[in-house]
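Below you'll find the structure, written out as structure tokens, and then a few comments.
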Amino acid sequence: QVQLVESGGGLVQAGGSLRLSCAASGRTINTMGWFRQAPGKEREFVAAISKSGLARYYADSMKGRFTISRDNAKNTVFLQMNSLKPEDTAVYYCAAAQGATATVGAGNEYDYWGQGTQVTVSS
């Protein structure tokens with residue numbers, strides 16, 4: 001069993017930055033990703049990173065603003081969020097895939113999910 005714990009969320013003004021962290025415990029995992037969900041909206045893919053950290057994937061709206069990284073020694077994945085916009089307001093979830101993923105942006109490819117951390121961007 002894998003447990004994921006997110007941290008780093010909070011309240012920030014538009015244009016500001018936040019760095020989210022996700023610490024994983026339990027067995028080793030492969031692809032890790034970030035998703036977000038705003039009230040009344042469906043879960044949305046944000047970013048993902050391969051087991052080695054060599055491959056990174058981003059949703060189009062996040063490219064150039066967000067950066068995903070990974071520290072396998074600490075079993076932790078990060079999401080650096082810059083130039084935040086009010087539309088980025090959501091609960092951000094960390095996800096982990098036990099096996100290989102065919103489509104990193106698909107939520108059903110992941111086996112474990114964190115509890116989420118709230119990110120609120122004010123105008």
Restricting to the stretch 25-55, name every residue that is open to solvent by less than 30 Å² (accessible area, probe 1.4 Å), more than 13 Å from the chain's Cα centre (by Cα) and touching a residue at least 60 places away in the same chain (Cβ under 8 Å). I29
Looking at the stretch 94-123, I want the residues that are farther than 19 Å from Q80 by Cα and without any contact (Cβ under 8 Å) to a residue 24 or more places away in the chain and have a partner that is open to solvent by 70 Å² or more (accessible area, probe 1.4 Å) and assigned to a strand (DSSP E or B) with Cβ atoms under 9 Å, at least 6 apart or on another chain. Which pairs are those? none
Between V104, V121, V12, which is at pLDDT below 95 and β-branched (V, I, T)? V104
If we scan the stretch 5-24, do we find a residue that is over 15 Å from the mean Cα position of the chain (by Cα) and without any contact (Cβ under 8 Å) to a residue 60 or more places away in the chain? no
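The values are calculated or read from the model by the stated rules, or taken from the named source; none is laboratory data. This one's a predicted model, so the numbers in the text were calculated from it and none came from an experiment. Cβ sites come from the backbone with ideal geometry, for glycine too, and all protein chains shown count toward neighbours. Areas reflect the complete protein model, heavy atoms only, side chains present, ligands, DNA and RNA absent. Shrake-Rupley method; radii C 1.70, N 1.55, O 1.52, S 1.80 Å.
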